[in-house]
1. Where only protein heavy atoms count, and the probe is 1.4 Å, what is the accessible area per residue for the chain in Å²?
2. Where the accessible area of the stretch 20-93 is counted over protein heavy atoms with a 1.4 Å probe, how much of it, in %, is carbon and sulfur?
3. Using a cut-off of 18 Å between alpha-carbon atoms, which aspartates and glutamates can reach LYS49, once sequence neighbours fewer than 8 places away in the same chain are excluded?
4. Alpha carbon centre of the stretch 63-78 versus the stretch 1-31: separation in Å?
5. Out of the stretch 25-66, which chymotrypsin sites (Phe, Trp or Tyr not before Pro) are coil in DSSP terms and have no more than 12 other C-beta atoms within 10 Å?
6. Calculated from DSSP H runs of 4 or more alone, at -39500 (n - 2.57) each and per residue, what is the 222 nm mean residue ellipticity of the chain, nearest 500?
7. Computed over the Cα atoms, what is the radius of gyration of the chain divided by 2.2 N^0.38 Å, N being its residue count?
8. Can you tell me the orientation of helix 69-80 relative to the chain, as the angle in degrees between its alpha-carbon axis and the longest Cα principal axis, to the nearest 10?
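The values are calculated or read from the model by the stated rules, or taken from the named source; none is laboratory data. Source: prediction; values computed, not measured. Here the Cβ positions follow ideal geometry from the backbone for every residue, glycine too, while neighbour counts run over all protein chains shown. Surface areas here come from the heavy atoms of the whole protein model, side chains and all, with no ligands, DNA or RNA. Shrake-Rupley method; radii C 1.70, N 1.55, O 1.52, S 1.80 Å.
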Amino acid sequence: MIRAIIQYEAEPDPARYQQHIDEFVQPVECSAFRHGKVFGSPFGEPACKYYAEFEWHDMESFKAAVNSDAFAASGKDAMAMGIPFTVHFASVE
């Protein structure tokens with residue numbers, strides 16, 4: 001399983017994030033998309049305030065998705081929200 005893990009430094013406006021999902025996340029081909037507020041950490045304040053992830057069953061599906069116009073558009077819209085974020089790709093056993 002492959003995941004794209006997105007960590008936002010601040011929680012986005014709920015209405016604006018829903019717009020992001022409806023217009024830009026939904027067109028990305030993936031097996032699952034999840035998101036939610038980060039509420040804590042065992043070591044003080046959490047490093048991020050909001051979390052999102054895309055999931056794919058295999059590397060082939062992942063590569064097709066991340067090379068798509070839909071994935072690029074999703075990233076551009078995420079940047080347009082003005083909240084700094086990081087993205088990591090992980091292979092999960």
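1. With all protein chains present, the chain gives 63 Å² per residue.
2. Details: 2700 of 4810 Å².
Whole-percent figure for carbon plus sulfur exposure: 56.
3. Qualifying aspartates and glutamates at Cα under 18 Å: GLU9, GLU11, ASP13.
4. Using only Cα atoms, the two centres lie 11 Å from each other.
5. Listed in order of number, the matching sites are PHE39, PHE43.
6. Values: 3 runs with 27 residues, N = 93.
Taken over the chain, the calculation gives -8000 deg cm²/dmol.
7. 1.08
8. Taking Cα atoms only, the helix is inclined about 20 degrees.
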